[in-house]
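The values are calculated or read from the model by the stated rules, or taken from the named source; none is laboratory data. On a predicted model such as this, the values are computed, not experimentally measured, just so you know. Note: ideal-geometry Cβ built from the backbone for every residue, glycine included; neighbour counts use all protein chains shown. In case anyone asks, the SASA skips ligands and DNA or RNA and just uses the protein heavy atoms, side chains included. Shrake-Rupley method; radii C 1.70, N 1.55, O 1.52, S 1.80 Å.
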Amino acid sequence: MKLKACIRHSELGEEVVDCDDVSRGGISFTSPKEYARDSLIEAAVPFLAGQANIFTRARIANLRPAPQGKGLTKYGVAYSS
């Protein structure tokens, strides 16, 4: 299942991404932006443009170069309580 997410970061702004994986504990996505491990973000999953989306607090739990390369990074996000 393909879901879109909107990621908000205090310094990097907002971006809409495709989720690579979704679970109860978090999501993963690929981005050209450079988020630091353990940085705090807000995430809305699923994200629908122009709708009332609900953002939840989360953190970047892990990161690694994306398999497709091209300066992309794959991020693992853990929801915070």
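Just a few scattered comments:
- Per the listing Leu72, Leu63, the residue uniquely among the hydrophobic types (A, V, I, L, M, F, W, C) and under 12 Å from the mean Cα position of the chain (by Cα) is Leu63.
- Taken over the stretch 48-58, the residue count meeting the criterion of being open to solvent by 50 Å² or more (accessible area, probe 1.4 Å), under 16 Å from His9 (Cβ atoms) and either polar (S, T, N, Q) or not in a loop (DSSP other than H, G, I, E, B) (or both) is 2.
- If you go through the stretch 32-47 and keep only what is in a strand (DSSP E or B) and crowded, with 18+ Cβ neighbours inside 10 Å, you end up with Ile41, Ala43, Ala44.
- For the stretch 4-24, filtered to residues that are among the small types (Gly, Ala, Ser) and at pLDDT 95 or above, the residue that is most open to solvent (accessible area, probe 1.4 Å) is Ser10.
- The condition of being among the small types (Gly, Ala, Ser), touching a residue at least 40 places away in the same chain (Cβ under 8 Å) and either in contact with a Phe, Trp or Tyr (Cβ under 6 Å, 6 or more places away or on another chain) or closer than 18 Å to Leu63 by Cα (or both) holds for Ser31.
- Considering only residues in the stretch 59-81 that are part of a strand (DSSP E or B), among the aliphatic types (A, V, I, L, M) and more than 15 Å from Glu15 (Cα to Cα), the one that is most open to solvent (accessible area, probe 1.4 Å) turns out to be Leu63.
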